[in-house]
1. What's the carbon and sulfur percent of segment 272-311's accessible surface, probe 1.4 angstrom, rounded to a whole number?
2. Taking θ as phi - 60°, what are the ³J(HN,Hα) couplings along segment 40-57 by the Karplus curve (6.51, -1.76, 1.60), each to the nearest whole Hz, with x for Gly and Pro?
3. Just in segment 176-279: which chymotrypsin sites (Phe, Trp or Tyr not before Pro) are loop by DSSP and have at most 10 other Cβ atoms within 10 Å?
4. Name the residue farthest towards the positive end of the dipole of segment 272-311 from the options Gln279, Val304, Pro292, assuming +1 on Cβ of Lys and Arg, -1 on Cβ of Asp and Glu, about the Cα centre.
5. Would you please state which residues of segment 156-176 a label at Val274 would reach in this model, taking the label point 7 Å out along Cα→Cβ and a backbone N cut-off of under 17 Å?
6. At 222 nm, what helix-only mean residue ellipticity would the chain give, in deg cm²/dmol to the nearest 500, using -39500 (n - 2.57) for each DSSP H run of four or more?
7. Hey, what angle do you get for helix 293-311 against the long axis of the chain, alpha-carbon based, 0 to 90 degrees rounded to 10?
8. Sketch the reach of a paramagnetic label on His7 as a point 7 Å from Cα along Cα-to-Cβ, and name the residues of segment 148-184 whose backbone nitrogen lies under 14 Å away.
Amino acid sequence: MSNLLEHQVEIIEDHSKGNFIQHIYPKRIPVVLRGISIGPCVKKWTPDYLSSVPGSEKDVKIHVSPSHQMDFINKNFAYRTLPFSEFVKRAAREKHEEYFFTEDEKYYLRALGDDPRKDVADIRKQFPALASDIFIPEYFEPEKFFSSVFRISSANIQLWTHYDVMDNFLIQVTGRKKVILFSPRDANYLYLQGDKSEVLDVDNPDSEKFPEFVKARRYCCLLEPGDTLFIPAMWFHNVKSLDFAISVNVFWKHLEEHLYDSKDTYGNKDPLPVGRAMQILDRALKTLKELPEEYQDFYARMMVSKIQTKAYKS
């Protein structure tokens with residue numbers, strides 16, 4: 001790991017709304033906001049408490065994996081359904097008497113809307129008995145709110161590296177999480193398939209398979225209970241739960257409403273102009289196929305050069 005470029009994410013103690021909006025937000029870089037009062041959830045949300053609140057008997061859809069590194073591209077996990085109370089009890093344990101694959105399998109909940117095809121995740125709707133326990137920083141206008149995603153992870157589970165198209169706060173409630181982030185400017189080094197990186201082990205990447213990955217600058221932080229991480233849109237992030245961990249992601253729309261896909265309930269579809277641009281690019285590349293290979297290569301390089309000149313920031 002010594003050859004990986006690494007920087008610590010700045011920790012901000014002055015977390016007032018004015019300081020955030022005027023001085024932090026415009027920089028478009030991740031920061032940890034420490035010392036915000038996020039409510040009684042920090043002390044209340046124990047496994048026993050969560051598994052006994054009203055509504056804890058309802059079923060939830062979860063990820064289950066025999067591996068501690070979940071891979072969304074190759075799908076080394078399965079979706080299963082458990083009562084919320086049973087899921088919490090299992091996720092809080094390292095060994096299981098009842099299990100789907102192995103006695104040390106890992107569990108992960110990314111809460112969904114009541115109808116995932118139509119409804120976004122909102123802790124106030126899916127977990128009303130818990131919603132009053134957490135205070136969400138009111139740094140953006142209410143009409144910009146998109147979703148509040150309730151997340152629970154087994155200890156020692158690492159999620160795939162990906163980006164989101166909306167700004168968000170990752171509010172750490174219980175347990176610790178190690179978060180590694182990569183700038184959008186380093187996207188070329190991350191071996192992407194869509195919004196996800198093929199590099200599963202970001203701490204010990206396969207240098208033969210992913211030789212360019214070492215060029216990506218890492219921004220790291222360790223989130224403690226009560227910390228809030230600001231993750232700007234398009235910043236790649238890889239999250240590892242060091243303990244049984246509970247967090248809430250709050251996403252908001254920072255672009256104009258018409259730029260988002262109205263049918264996107266997960267908040268992970270690229271803005272509509274991106275889809276149109278990609279279709280144009282696909283047609284352009286298909287058109288180049290009419291030429292001999294050396295011409296395809298030359299004019300594709302010309303296209304890349306033009307994109308760099310017109311679109312890349314210095």
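1. Ligands and nucleic acids excluded, carbon and sulfur give 60 percent.
2. x, 4, 4, 9, 7, 7, 8, x, 5, 5, 4, 7, 10, 6, x, x, 5, 7
3. Within segment 176-279, no chymotrypsin sites (Phe, Trp or Tyr not before Pro) qualify (loop, at most 10 other Cβ atoms within 10 Å).
4. In segment 272-311, that residue is Gln279.
5. Answer for segment 156-176: 161-169.
6. Calculated from helices alone, the mean residue ellipticity at 222 nm is -5500 deg cm²/dmol.
7. Between helix and principal axis, roughly 60 degrees.
8. Answer for segment 148-184: 181-184.
The values are calculated or read from the model by the stated rules, or taken from the named source; none is laboratory data. Here the structure is a predicted model, which means the values were calculated and not measured. For neighbour counting, all protein chains shown are included, and Cβ atoms are generated from backbone atoms with ideal geometry for every residue, glycine included. Note: areas computed on protein heavy atoms with side chains; ligands, DNA, RNA excluded. Shrake-Rupley method; radii C 1.70, N 1.55, O 1.52, S 1.80 Å.
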